[in-house]
Amino acid sequence: MTGLFASTLLLLCGFLAPGLAHEAKTACYHSRRNNASIYDYRVETLSKYFPDKDIQDYKDFALLAFPCNQFGMQEPGAGEEEILNGIRYVRPGNDFQPTFPVFAKINVNGEDEHELYTYLKRYCPAPDKFFRAKHRLYYDKQEVNDIRWNFEKFLIDKHGRPYMRYNPTTAPDSIRADIEQLLNQPDL
């Protein structure tokens, strides 16, 4: 199945919480005349554990994770070792060690949001219309297409353009059909 996943990316904001069931998704829109893509942005990896690559270096199907502490303060890690230990021993725990690139912690919403997420949200409406309780959101200036909570996912096409956005509780298995549909589209 590995060959099937050439040139497609799945971006995560945080890591998937086990046992959640509500699923929602929304299609992204992108003009063919606009050549912008995620490859126009740079986000550093946790370089001690993963090679320091640009997003564009992940041409095969890949899961890319972007830790964020704006939701319930669930990613308090100050540095790369602390973040990875948090993943390994706390969330999701059970000695989980990611085999996919984990990037440096960024803000995905608010005045200090990373430009990659500004780009993604510009083309992908939020799959849920409601926010979590305001006292659990650690940023100001909520916007209609903000990331609602950790574990939100974006499926990116072969050209680095957003294709689909999934709510935080969409299970990875539910995304498989969208990945296969996207990968079976001809290159334009």
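The values are calculated or read from the model by the stated rules, or taken from the named source; none is laboratory data. It should be emphasised that the depicted structure is a prediction, and the values quoted were computed from it without experimental measurement. Every residue, glycine as well, gets a Cβ built from its backbone with ideal geometry; the counts of neighbours run over all protein chains shown.
Brief remarks on what is shown
- If only residues of region 141-181 that are in a loop (DSSP other than H, G, I, E, B) and of a type in the set (Gly, Ala, Ser) are counted, the one that is surrounded by the most Cβ atoms within 10 Å (Cβ to Cβ) is Gly160.
- Candidates are the residues of region 147-170 that are of a type in the set (Ser, Thr, Tyr) and touching a strand residue (DSSP E or B) at 6+ places or on another chain (Cβ under 6 Å); the one that is nearest to Asn35 (Cα to Cα) is Tyr163.
- Within region 84-112, the residues that satisfy the criterion of being under 16 Å from the mean Cα position of the chain (by Cα) and more than 17 Å from Gln74 (Cα to Cα) are Pro98, Thr99, Phe100, Pro101.
- Set Tyr117, Tyr123, Tyr139: member being more than 17 Å from Thr169 (Cβ to Cβ) and in contact with a Gly (Cβ under 8 Å, 6 or more places away or on another chain): Tyr139
- Residue in region 74-91 that is modelled with pLDDT under 85 and within 29 Å of Pro125 (Cβ to Cβ) present: yes
- Test: residue in region 118-136 that is surrounded by 20 or more Cβ atoms within 10 Å (Cβ to Cβ) and out of contact with any Lys or Arg (no Cβ under 6 Å at 6 or more places or on another chain): yes
- Taking region 68-78 as the range and being in a loop (DSSP other than H, G, I, E, B) and farther than 11 Å from Ala104 by Cα as the test, the residues that pass are Asn69, Gln70, Gly72, Met73, Gln74, Glu75, Pro76.
- For the residues Phe130, Phe100, the requirement of being aromatic (Phe, Trp, Tyr), more than 20 Å from Ile156 (Cα to Cα), part of a loop (DSSP other than H, G, I, E, B) and modelled with pLDDT under 90 singles out Phe130.
- Subset of region 101-128 (residues that are among the aliphatic types (A, V, I, L, M) and touching a helix residue (DSSP H, G or I) at 6+ places or on another chain (Cβ under 9 Å)): Val102, Ala104, Ile106, Val108, Leu116, Leu120
- Scanning region 83-97 for residues that are in a helix (DSSP H, G or I) and not β-branched (Val, Ile, Thr), we see that the one that is surrounded by the most Cβ atoms within 10 Å (Cβ to Cβ) is Leu84.
For (1) in contact (Cβ under 8 Å) with a residue 60 or more places away in the chain; (2) within 25 Å of Asp40 (Cα to Cα), each residue gets a yes or a no:
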residue: His135; (1), (2): no, no
residue: Phe154; (1), (2): yes, yes
residue: Thr169; (1), (2): yes, no
residue: Ala177; (1), (2): no, no
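- On the stretch given as region 39-67, residues that are closer than 18 Å to Lys153 by Cβ, at pLDDT 70 or above and part of a loop (DSSP other than H, G, I, E, B) total 4.
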